Amino acid sequence: MPDAPYPNLFQDLVLRNLRIPNRTVMAPMSTNLGSHEGFVTPEQIAFYRERAAGGTGMIIVEFCCVEGATGRSEHRQLTLESPAQVAGHQRLVEAITSAGAVACLQLQHGGRGAKRDLLSDGMPIAPSDVATRSGRLMARAMDDAEIERLIEAFGRAAELGVQAGYQAVELHGAHGYLLTSFLSPYSNQRTDRWGGDEERRLNFPRRVIQRVRQSIGDRPLIFRLSADEFTPEGLSIEDMERIAPKLEAAGVDALHVSIGLGWTSFDKVVEPMSTPEGWRLPYSRRIRAVTGIPVISVGQIRWPETAERAIRDGDADMIALGRPLLADPEWANKARRGERDCIRPCTSCNYCVAVSSAADGAIGCAENPRTGHELDSLPDAGSRRGQRAVVIGGGPGGMAAALMLQQAGFTTELHESRSILGGGLIASAAPPFKDKLTWYLDYLHRQLEKSAVEVHLDSRVDLAGLIQGEAPAIVMLATGGQPIRMPIAGVDGPAVRDAYDLLMGDSPRLPVEIGEWPVLVYGGGETGCETAELLSEQGHEVVLVSRSPVEQLARSAEMIYRGVLKRRLLENPRIHIQDNASIERIDHDGRVLLRHQDGGSSELQTSAVLIAQGRRPDESLLRSLLEANLPVTVIGDARRGGRIGDAVHDAYRAVHSLCSSAAPLRPLAC
């Protein structure tokens, strides 16, 4: 029998008296799949069951509020404060444990991070009168009676968790919620027994630990902490090296080492894709060095070799996976079998954050459209099995559509006009710090190579080609968009290029020498900002011209990425931003006339001009297909400009809709 590929990662571990089958942990993440009343739902049970069945050693169920009236942080956050809520948790525990994983419950109170519109009096509470998560309004300092009541609320919730069958409990003492707020001098400005010096700031967490221990008996108790808040006057790693042993002495059995404060350093709590893999491991190593209990490390661990090395080298005892398990619930099983290249990779694109934070949003994943929809059956062609399906366009939506159509039972062709697959995914991965997107592109290539999908490159499909032979049962148009033509004098001149072509690699470097004149990029959206950054990396001086104010640069980009992108642009000495301006004329020699919003104008000599003013669907093929009465569905940027995840989810919905028309009809029994 060959050696196990990751022997340390798949060793068991005994926590207090509980055996955990391997060192992988599902990190607690808000799913927004609970009910508005805080009850567990069937959607939630299916979501967790799939990750447990995927081989994860321990599942830490998302934050569960111990007192909803004062502490709910999300509109569909779980609460556990009534016996009526236990039955749903029992079903959830049964789903997790029957699939082979350990079930752990995380208990939390939002404190200053609670949402005002969910609270009984609309006023978040905190150790002191400090700003809420919005930064605009204040939270109210708690009095002694409220503190004692919440200590009891944690204990009562833990008792209900025991009744539900949870095998371990975690206290959420990270990211700025109530337990953290008492620990941190940033938010605890009291001078009584609950605050002042470090020892008194520890009193509330200690009391909660003691009360929860009374409730759970000999079950393991884990404390999640932020090893560094990356916030002026907040907790540093040096502080936490003193505090961690005191939490151990108070009675916790393991420490779950996270990073950051939710409203001052959110890009550390949930990192953008520019953050290097494994960057947090030195923090967990330092906490592990000062304690004698197991340490869980979480954040920016994407591949099993990183996790294996972290355990082998003493950075951590267990590895918590959050977003990677959204992308691939089978991460652990695939790693155990040595199928590393079969793991659908998390690229830290944070599509999951964007969709879950939207109004009535819920958990999702750009690459895995079943995340949050685990109750959906897999698409099945049914009576249409074997029929011809044609996908036109080999970008992420087209590749995903082809794979799903083939899996459903269609005989599938994928046509791409270029010599390589990738489409908009190539452009998205080209700018600096976005190379993780190539992980997903490579994964799709491998999946297509293993599949029975017929891939046709350099294939420009027209109506005549489609109707030769067997007529297709479905045509999926995933042809992307075309550049929006700007009404600018000289836009067709020799000095002008389309920024998208540069990102696609059609001209990987500008055909101009790096010299005295800058390159002008016209467009302050995400594409324009990324093009400016790419050109500066190549050595060019860049003038980024935006019709909008500088504050609105890349305004459609994912919020965490946008924050770090704007910061890099503003700090880049090679990039000069001219906002509130538009191009009126481009001369043959590259001289540009700018019109400013204040009515003035200026001229600028450039070596080249790149236009980044967006793209729109090209409907010419769609119209001919409809006129020929061919069944057609449009997905991705061919339908509406969007992100990679939008195209993949379009594909999923389209395939599901197609299969539903062939599904057998069954009467309901009642």
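The values are calculated or read from the model by the stated rules, or taken from the named source; none is laboratory data. Since we're looking at a predicted model, the values are computed, not measured. Here Cβ is always computed from backbone atoms with ideal geometry, including for glycine, and neighbour counts include all displayed protein chains.
If Ala157 satisfies all but one of (1) more than 17 Å from Asn188 (Cα to Cα); (2) surrounded by 24 or more Cβ atoms within 10 Å (Cβ to Cβ); (3) out of contact with any Leu (no Cβ under 8 Å at 6 or more places or on another chain); (4) not basic (Lys, Arg), what's the number of the condition it fails?
(3)
Assess whether Ala69 counts as being among the hydrophobic types (A, V, I, L, M, F, W, C), at pLDDT 95 or above and buried (at least 24 other Cβ atoms within 10 Å of the Cβ). I'd like the intermediate steps shown before the answer.
Working: among the hydrophobic types (A, V, I, L, M, F, W, C): yes; at pLDDT 95 or above: yes; buried (at least 24 other Cβ atoms within 10 Å of the Cβ): no.
So Ala69 fails the test.
Which condition from (1) among the charged types (D, E, K, R); (2) at pLDDT below 95; (3) within 25 Å of Pro432 (Cα to Cα) is the one that Asp618 breaks?
(3)
With the condition kept exactly as written, say whether any residue in the stretch 331-347 is at positive phi, hydroxyl-bearing (Ser, Thr, Tyr) and out of contact with any strand residue (DSSP E or B) (no Cβ under 6 Å at 6 or more places or on another chain). Full working, then the answer.
Kept after step one, since they are at positive phi, are these residues of the stretch 331-347: 338.
Those left that are additionally hydroxyl-bearing (Ser, Thr, Tyr): none.
No - not one qualifying residue is present in the stretch 331-347.
Return the residues of the stretch 73-90 that are of a type in the set (D, E, K, R) and either farther than 16 Å from Gln163 by Cα or within 27 Å of the chain's Cα centre (by Cα) (or both); say none if nothing qualifies. Break it down into steps so the answer makes sense when it comes.
Start the filter on the stretch 73-90 by keeping residues that are of a type in the set (D, E, K, R), which leaves 74, 76, 81.
Answer for the stretch 73-90, where residues must be of a type in the set (D, E, K, R) and either farther than 16 Å from Gln163 by Cα or within 27 Å of the chain's Cα centre (by Cα) (or both): Glu74, Arg76.
When you check His75 against the structure, is it surrounded by fewer than 18 Cβ atoms within 10 Å (Cβ to Cβ) and either assigned by TED's automatic domain parsing to the domain that holds Val40 or at pLDDT 95 or above (or both), yes or no?
The answer is yes for His75.
Please verify whether the stretch 35-49 includes one or more residues that are assigned to a loop (DSSP other than H, G, I, E, B), closer than 17 Å to Arg336 by Cα and under 26 Å from the mean Cα position of the chain (by Cα). Walk me through it before giving the result.
Step one: list which residues in the stretch 35-49 are assigned to a loop (DSSP other than H, G, I, E, B), which gives 35-41.
Keeping just the survivors that are closer than 17 Å to Arg336 by Cα gives none.
No, every residue in the stretch 35-49 fails to be assigned to a loop (DSSP other than H, G, I, E, B), closer than 17 Å to Arg336 by Cα and under 26 Å from the mean Cα position of the chain (by Cα).
With the structure loaded, tell me whether Phe204 is assigned by TED's automatic domain parsing to the domain that holds Asp143, in contact (Cβ under 8 Å) with a residue 24 or more places away in the chain, within 35 Å of the chain's Cα centre (by Cα) and surrounded by fewer than 23 Cβ atoms within 10 Å (Cβ to Cβ) or whether it fails that test.
Answer is no for this residue.
Please go through (1) at pLDDT below 95; (2) surrounded by 20 or more Cβ atoms within 10 Å (Cβ to Cβ) for Ala335 and return the number of the only condition it doesn't satisfy.
(1)
Filtering the stretch 446-462 down to residues that are of a type in the set (A, V, I, L, M, F, W, C) and surrounded by 13 or more Cβ atoms within 10 Å (Cβ to Cβ), which residue is farthest from the chain's Cα centre (by Cα)? So that I can check it myself, show each step before the final result.
Pass one, the stretch 446-462, residues of a type in the set (A, V, I, L, M, F, W, C): 448, 452-453, 455, 457, 461.
Restricting the remaining residues to those that are surrounded by 13 or more Cβ atoms within 10 Å (Cβ to Cβ) gives 448, 453, 455, 457, 461.
Numbers: Leu448: 25, Val453: 29, Val455: 30, Leu457: 32, Val461: 35 Å.
It comes out as Val461.
Suppose the filter is in the same structural domain as Asn17 (by TED's automatic domain parsing), surrounded by fewer than 23 Cβ atoms within 10 Å (Cβ to Cβ) and on the phi > 0 side of the Ramachandran plot; does Gly278 pass it? Show your work before the answer.
Values: in the same structural domain as Asn17 (by TED's automatic domain parsing): yes; surrounded by fewer than 23 Cβ atoms within 10 Å (Cβ to Cβ): yes; on the phi > 0 side of the Ramachandran plot: yes.
Yes, satisfied.
Out of (1) crowded, with 18+ Cβ neighbours inside 10 Å; (2) closer than 22 Å to Glu530 by Cβ; (3) in contact with a strand residue (DSSP E or B) (Cβ under 7 Å, 6 or more places away or on another chain); (4) at pLDDT below 95, the odd one out for Ala581 is which?
If we test Ala581 against (1) crowded, with 18+ Cβ neighbours inside 10 Å; (2) closer than 22 Å to Glu530 by Cβ; (3) in contact with a strand residue (DSSP E or B) (Cβ under 7 Å, 6 or more places away or on another chain); (4) at pLDDT below 95, just (4) comes out false.
State which residue is modelled with the lowest pLDDT when the search covers only the stretch 232-261 and only residues that are more than 19 Å from Val14 (Cα to Cα) and of a type in the set (D, E, K, R).
Glu233
Given the conditions (1) surrounded by 15 or more Cβ atoms within 10 Å (Cβ to Cβ); (2) part of a loop (DSSP other than H, G, I, E, B), which single one is not true for Asp589?
With respect to (1) surrounded by 15 or more Cβ atoms within 10 Å (Cβ to Cβ); (2) part of a loop (DSSP other than H, G, I, E, B), Asp589 is out only on (1).
Residues are listed down the side, and each one gets a yes or a no for (1) within 30 Å of Ala95 (Cβ to Cβ); (2) assigned by TED's automatic domain parsing to the domain that holds Phe230; (3) out of contact with any Gly (no Cβ under 8 Å at 6 or more places or on another chain):
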| site | (1), (2), (3) |
| --- | --- |
| Val162 | yes, yes, no |
| Tyr166 | yes, yes, yes |
| Leu183 | no, yes, no |
| Arg193 | no, yes, yes |
| Ile209 | yes, yes, no |
| Gly217 | yes, yes, yes |
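Got a sec? Which strands (runs of 3 or more DSSP E) wholly within the stretch 473-552 have at least 1 residues that are surrounded by fewer than 24 Cβ atoms within 10 Å (Cβ to Cβ) and among the acidic types (Asp, Glu)? Working first, answer last.
Details: elements: 474-477, 481-483, 496-498, 519-522, 542-545.
Here the list reads 496-498.
Six or more apart or on different chains, Cβ under 8 Å: which pairs go from a residue in the stretch 238-251 that's surrounded by fewer than 17 Cβ atoms within 10 Å (Cβ to Cβ) to one that's modelled with pLDDT of 95 or more and basic (Lys, Arg)? Could you list them?
Here the result reads Glu241/Arg286; Lys246/Arg206; Gly251/Arg213, each pair linking the stretch 238-251 to a residue that is modelled with pLDDT of 95 or more and basic (Lys, Arg).
Which of the following residues is assigned to a loop (DSSP other than H, G, I, E, B), of a type outside the set (Val, Ile, Thr) and crowded, with 21+ Cβ neighbours inside 10 Å: Leu225, Leu255, Leu235?
Working: Leu225 fails: assigned to a loop (DSSP other than H, G, I, E, B); Leu255 fails: assigned to a loop (DSSP other than H, G, I, E, B).
After applying the criteria, what remains is Leu235.
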